[in-house]
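**Student:** My structure is below; once you've seen it, I'll send some questions.
The values are calculated or read from the model by the stated rules, or taken from the named source; none is laboratory data. Quick caveat, the model's predicted, so the values are computed rather than measured. FYI the Cβ positions are ideal-geometry reconstructions off the backbone, even for glycines, and counts take in every protein chain you see. Each accessible area value is taken on the protein alone, full model and side chains, heavy atoms only, with ligands, DNA and RNA left out. Shrake-Rupley method; radii C 1.70, N 1.55, O 1.52, S 1.80 Å.
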Amino acid sequence: VSRPVGRAPKALAFCFKAGVNAGGHEHLDNGSFVVACGGGTPLLDPGMDTYTRDTFGPKRFESQILNSFGHPVPYPAKTLQFHGREARAPVISIATNGLEDVVTIDLKGSYDLPSLEKLTRTFRYRRQGSNATLLVEDAFRFSGNEEFGTALITRSPHVALSPTQWIVGSGKTAVKVTAM
């Protein structure tokens, strides 16, 4: 994610979630992240679903907003994250030098997927004024041949520049997204 060329410089910021998928208001969203710039959030977490009788009952995670399908998290072997204190995503490394922050979290424990041998997500935030960038890298390994996917969530307008590049947002909140 980077600021597109030709726009007024505005700060690019992000936040992410690590920890456990447990608690009264919990979502299944370990590894989720939000990108903000220019006073808006072009890449976001959708927030809370509409409260119903099932919101805090046994059907809670049937909601595609509350389960990991509704979050920008990995989707290994078409498997959603699970709920509970065992669904862990610990931070395994943090490095910062004033120009760049790099944080890696271990997401493997958030999935009940025996074929998943490794799943880490690294956030690399480079501070470069109006050219700030955020690289989100998923490293994974399966014991067999499995599919791997991930998602970005937006409510902003978006335009495909190519099959691997998009502008998400508009005006001062626009960011360029490149898939590698």
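**Student:** Output wanted: per-residue J couplings in Hz (rounded whole) for the stretch 41-48, from phi through Karplus 6.51 cos²θ - 1.76 cosθ + 1.60, θ = phi - 60°, x for Gly and Pro.
**Tutor:** 10, x, 10, 9, 9, x, x, 8
**Student:** Please report Rg (one decimal) and Dmax (integer) in Å for the Cα set of the chain.
**Tutor:** Spelled out, the Cα radius of gyration and Dmax of the chain are 16.8, 49 Å.
**Student:** Taking all protein chains as present, what is the carbon and sulfur share of the accessible area of the chain, in % to the nearest whole number, probe 1.4 Å?
**Tutor:** 54
**Student:** Something else now. Measuring with a 1.4 Å probe in the full set of protein chains, what accessible area per residue, in whole Å², belongs to the chain?
**Tutor:** Ligands and nucleic acids excluded, the figure is 54 Å² per residue.
**Student:** Still on this structure, please answer the following. Subtract the Cα-Cα distance of Ser115 and Glu147 from 0.36 nm times their separation in residues, and report this length gain in nm to one decimal.
**Tutor:** Here the segment from Ser115 to Glu147 would lengthen by 10.4 nm.
**Student:** Continuing with the same structure: Extent of the stretch 45-133 along each principal axis, from alpha carbon coordinates, in Å, largest to smallest?
**Tutor:** Result, largest extent first: 47, 32, 22 Å.
**Student:** Can you tell me which of 168-174, 45-51 comes out highest on packing, and rank the rest after it, using the mean Cβ neighbours within 10 Å?
**Tutor:** 168-174, 45-51
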